[in-house]
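Taking it in order: structure first as structure tokens, then the write-up.
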Amino acid sequence: MNTFIYRSSFPIKKEVLFQFHKDPIGFETLVAGANGIEIVKAPKSIHVGEEVVLKISILPFWKLTWIAKHIAYSKNNFFQDNQEKGPFRKFLHTHRFLDGFEGSNSSILSDEIQIDYYLWPISRFFLFPILYFMFRKRHALTAKHFRVKAKLILCRYS
């Protein structure tokens, strides 16, 4: 099993950052920023049992269905979704919200993915850059929504 972590600090309270991800505007903002993704079924919430269905363009003529289900939730701390169907053997995504270093008016968003892909020794060389650029954009879109800047703390793939 391999783990990808992308962590940024934001000059806003973690409860506000969590609420953005909990509200439909968070999902809409982050998915709208991704190319080649069609929303088949948007989640109504981030609570356990909620399902997301996406169509992802792999090539111009090939679309793949990705189904993820929310499997864990702790208000203002984290929520977790697990791939039920999609391109990976395993894709478990934990969205973690932590207190920031600068006191109560800052927070840390940590996207942590446990991932396993077919042809792993080869695929890890192209998968890391894809994940890096995807989460860099997602954190930038989150910061833009609040009119603040996100500061990268950590990006690691192990």
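Couple of notes before you dig in:
- Positive minus negative residues near residue 154 (Lys, Arg vs Asp, Glu; Cβ under 14 Å): +3
- Sites residue 38 and residue 99 - FRET efficiency at Förster radius 41 Å, r taken between beta-carbons, to 0.05: 0.70
- Peptides ranked, highest mean first, by Cβ atoms within 10 Å: ranges 8-21, 57-70, 127-140: 8-21, 127-140, 57-70
- Pairs from the table (63/90; 55/90; 63/149) lying more than 26 angstrom apart at Cα are 63/149.
- Accessible surface computed residue by residue for the chain, with neighbouring protein chains in place and a 1.4 Å probe, gives 56 Å² per residue.
- Region 62-141-region 17-49 distance, computed between alpha-carbon centres (Å): 13 Å
- Computed about its Cα centre, the charge dipole of the chain is approximately 300 debye, with only Lys, Arg, Asp and Glu carrying charge at their Cβ.
- The residue 158 and residue 47 beta-carbon pair, evaluated with R₀ = 22 Å, returns a calculated FRET efficiency of approximately 0.15.
- Applying both filters, DSSP loop and at most 16 other Cβ atoms within 10 Å, to the GluC sites (Glu not before Pro) of region 62-151 gives 102.
- The calculated FRET efficiency for residue 16 paired with residue 117, based on their beta-carbon distance and R0 = 30 Å, is about 0.30.
- Calculated from the alpha-carbon coordinates, the chain shows an Rg and a Dmax of 15.3, 49 Å respectively.
- Once the chain from residue 151 to residue 76 is taken as fully extended at 0.36 nm per residue, the excess over their C-alpha distance is 25.0 nm.
- Percent carbon-and-sulfur accessible area, region 40-142, ignoring ligands, DNA and RNA, probe 1.4 Å: 61 percent
The values are calculated or read from the model by the stated rules, or taken from the named source; none is laboratory data. None of the values given here were measured: they were computed from a predicted structure. Neighbour counts run over all protein chains shown; Cβ positions are idealised from the backbone, glycine included. Areas reflect the complete protein model, heavy atoms only, side chains present, ligands, DNA and RNA absent. Shrake-Rupley method; radii C 1.70, N 1.55, O 1.52, S 1.80 Å.
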